[in-house]
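Working notes, structure below.
Just so it is clear, none of the values below were taken in a lab; they were calculated from the coordinates. Here the structure is a predicted model, which means the values were calculated and not measured. All Cβ positions, even for glycine, are placed from backbone atoms using ideal geometry, and neighbour counts span all protein chains on display.
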Amino acid sequence: MRVLITGAAGFLGSHLTDAVLAEGHEVLGVDNLCTGSLDNLAHLEHEPRFEFLEQDICQPFDPGKVDYVFNFASPASPADYMRLGIETLMVGSAGTRNILEIAAKYQARFLHASTSECYGDPDEHPQTEAYWGNVNPIGPRSVYDEAKRFSEALVTAYCRYRNVDTRLVRIFNTYGPRLQANDGRVISNFMTQALRGDDLTIYGDGGQTRSFCYVSDEIDGILTLSRSDEHTPVNIGNPSEWTILDCANAVKKVTGSSSKIVFHPLPQDDPTQRQPDITKARTLLGWEPKIDLETGLKLSLDYFRSSIEAVA
Ligand code: UDP
């Protein structure tokens, strides 16, 4: 197959590119590099089955015939999407539409990267795919949440009205090598702070929860979904739920750091809890994650060590 991956220079996009190449396919990776980095693709410089196009998907383009499309282009860390608010809204609307038109033109199968942010600050716990969410449409997170919710509606409409063969994955917090060390996310911040001996910055009292999935598990779940015929959203994440305070202590343990923990104000609309119900993925795809948080943090240590050395 010839596979189009948008957001290919990003954290998930680049791991997905590697996994699709490993299956023997050709990949055209597209990225405008607004948050992605060519460092994530540097190891593919001499890979003849990989081609890179620097392109903003909000502008129409024709990649030529493709058989499968993975739409992963979007700023995704809260710090990035709040800095690039309008770009985030546009890539989730005009950008997604352009990529759906490509899938329609070439009758390519399509998988869109959606998010647990569709559930907002959820008042149902854990979150099943049937939950409609609790999203502030004008809050600081709205540029991301509403773009992703609009994308889900658009993808579903192209499936319903234009017969595009679509899939929607709702991705929960994912971490691992290539997560940008300075992207402001909790794992990147805690790992770099712990390794430098700086204070670990907890926002709020640290009682809010997240459920962290190691990147190889996430990619495995996404690829398994890509081979299925399910058109409605599927949660792919690790159901093991952590308070942010426990997460900070896990990072301290794995890094052997004696950093202090300090508390900062909680950002507006920060979700108080998040945990995927993965019954659908388990029953439909036979998928579940294998790597627990401490193991995944250990697997990420070398990467975070070398990223802080690179900027030192
Ligand atoms: N967080 C924190 N300290 C940090 C970065 C994040 O306590 O240095 C908290 C943040 O307020 C949120 C959680 O960790 O409650 C996860 O934040 P992240 O930015 O990784 O992603 P989110 O799940 O909020 O999109």
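For LYS252, the lysines whose Cα falls under 23 Å of its own Cα, not counting residues fewer than eight places away in the same chain, are LYS260, LYS290, LYS298. When you filter the trypsin sites (Lys or Arg not before Pro) in segment 227-312 for DSSP loop state and at most 15 other Cβ atoms inside 10 Å of their Cβ, you are left with ARG227, LYS260, LYS290. Which whole DSSP H helices in the chain pass both tests: a Cα extent of 18 Å or more along the axis and a mean Kyte-Doolittle value no lower than 0.0? Length and hydropathy pass: 293-311. Annotation: peptides 138-148, 49-59, 71-81, ranked by per-residue average of other Cβ atoms within 10 Å with the highest first, follow the order 71-81, 138-148, 49-59. For the peptides 169-176, 127-134, the ranking by packing is 169-176, 127-134, with the highest mean count of neighbouring Cβ atoms within 10 Å listed first.
Around the Cα centre of the chain, unit charges on the Cβ atoms of Lys, Arg, Asp and Glu (plus for the first two, minus for the last two) sum to a dipole of about 200 debye. A viscosity of 1.002 mPa s and a temperature of 20 °C, combined with the Kirkwood radius over C-alpha pairs in the Stokes-Einstein formula, give the chain a diffusion coefficient of 109 µm²/s. Projecting the Cα positions of LEU179, ILE202, THR166 onto the charge dipole of segment 158-223 (unit charges on Cβ atoms of Lys, Arg, Asp and Glu, taken about the Cα centre) puts THR166 furthest along the positive direction. Whole Å is fine, so just give me how far the alpha carbon centre of segment 125-150 lies from that of segment 233-312. Between the Cα centres of segment 125-150 and segment 233-312 lies a distance of 21 Å.
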